[in-house]
Amino acid sequence: MKILNKIYINGEFVTPHGTETLDLFSPVSNEKVAEMTLADEVDTQHAIASAKEAFKTFSQSTKAERIAWLEKIHTVLKRRQQDLIDVMVDEYGGASAFVEMVIPASIDDFKEMAGVLKDFDFEPKASQSKVHLQGVGVVGVIIPWNMSNGFICTKVASAIAAGCTLVIKPSELSGQQTQIMMECLHEVGLPKGIVNFVNGIGAVVGAEMTRHPDLNKITFTGSTGVGKIIAKGAADHMKRVTLELGGKSPNIILDDADFADAIPKAIFAAYLNSGQACAAATRLLVPVNHLAEVNAIAKATIAQAIKVGDPKDSTVNIGPMVSKQQFERVEDYIRIGLEEGATLLTGGLGKPEGLDKGNFVKPTIFTDVDNSMRIAQEEIFGPVLSIIPYQDEADAIRIANDTPFGLCSYITSTDRARALRVANQIDAGRVCINNVLHDPLAPFGGFKQSGIGREYGAFGLDAYLEPKAIIG
């Protein structure tokens, strides 16, 4: 069993002032694997003070200096890439096929941001005036458990590119993953205080970050409910916020699509990261006159191509839910779907055969779902897909937009011009055509209750800068 009893403040691993401990359990076996000492308000205050002091000098660093730091971080993380993959599979239960894809891409965020920085103009002109773009200050980073180190990479890369300093509160369920990341960033040798880690719970560490007057910005990834709490608290000191929140992404299969190809891809898009992903395509919109065909293909795909089990197995698509609490949440939603009268196509309540110890959920599909049902409106965060029939293209667009969320959307069509026309009518921050796609320089963020602001590339860098007009 691992003992995690250090946090990282002012360039040093230190013993927390906080004394409360948290037991961490394997999602595969539910056996205790680690014990973590939690930081408290005092630790958070020390971290913010360290970042504030470091900002005085780091904010004056040159573009070339920050590019060099980004490139060095990329080099160190690349060297520890397998460690970062292994710990995410072990602690979080992410399927190795997914983790082996996402960790290298996350590490490359530092390389991509270094490239953005090379061509970025920090002193553009506006009419006859100069605009000076300067770092917003001390940034508080609050992230969830479903891709902990991936979120750290994205946010740290943008903040350092802007000349900001950071206080990071990872999920308390990601202690082992955080330990590896702290070791990596310590090895880089950044000036003291630029990056600080405070492991603790949201109600203590997150709350102190939100209300502390010396923290200038919060960037948060997580649920819409928690995002609203942070936004309200941040308003007291007019903190800048970037909020990447929940989603209930529609996947529109237009009637000209190749259903034999599109539906299996849609299943994999729904079960992205074991369904524990804000971008998962959990509402599958199909023409009503193709519903029977879609049901048959979907059921066959589950039987032939979807495997639940040990995330270390490279043939597994769906690993366990991160915790017992998350497992119970998903089971509750499956129960709700049954009570609402949705047709259960496959899966359902209970654990898959032979997987009684861990937090495993049966890959579940409800069909002939009405978009007003809770399983179609609320973020479940597990391998549960709702198939929703539509009458025509206009009806599909109406259903897709009939949600409080607007993070991602997916469209499949053999007619690219038609797909683009539909994409322009969808209220979502990112629309993928004919597959699940990622562009590390394209903006990512949500419409409506899926958030405020954007991440990645120049859009992400801009979120960490304040424009100052110099006139005359």
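Nothing in this text is a laboratory measurement; each read-out follows from the coordinates by a stated rule. Just so it is clear, the structure is predicted and the values come from calculations on it, not from any experiment. Every residue, glycine as well, gets a Cβ built from its backbone with ideal geometry; the counts of neighbours run over all protein chains shown.
Which one of these is among the hydrophobic types (A, V, I, L, M, F, W, C) and under 30 Å from Asn317 (Cα atoms): Val99, Val138, Val131, Val116? Steps first, please.
Numbers: Val138 fails: under 30 Å from Asn317 (Cα atoms); Val131 fails: under 30 Å from Asn317 (Cα atoms); Val116 fails: under 30 Å from Asn317 (Cα atoms).
Exactly one of Val99, Val138, Val131, Val116 is among the hydrophobic types (A, V, I, L, M, F, W, C) and under 30 Å from Asn317 (Cα atoms), namely Val99.
For the condition within 25 Å of the chain's Cα centre (by Cα), crowded, with 22+ Cβ neighbours inside 10 Å and of a type outside the set (Gly, Ala, Ser), Arg430 qualifies. Scanning the range 380-398 finds one or more residues that are touching a Pro at 6+ places or on another chain (Cβ under 6 Å), closer than 20 Å to Gln304 by Cα and buried (at least 24 other Cβ atoms within 10 Å of the Cβ).
Only one of the listed residues (Val136, Val156, Val131) is in contact with a strand residue (DSSP E or B) (Cβ under 6 Å, 6 or more places away or on another chain), closer than 27 Å to Thr44 by Cβ and among the β-branched types (Val, Ile, Thr). That residue is Val136. Just to be sure before I move on: is Val226 in a helix (DSSP H, G or I) and either in contact (Cβ under 8 Å) with a residue 24 or more places away in the chain or of a type in the set (Val, Ile, Thr) (or both) in the structure I sent? In short, yes.
If the condition is being part of a helix (DSSP H, G or I), hydrophobic (A, V, I, L, M, F, W, C) and crowded, with 21+ Cβ neighbours inside 10 Å, then the range 185-212 contributes Leu185, Val205, Met209.
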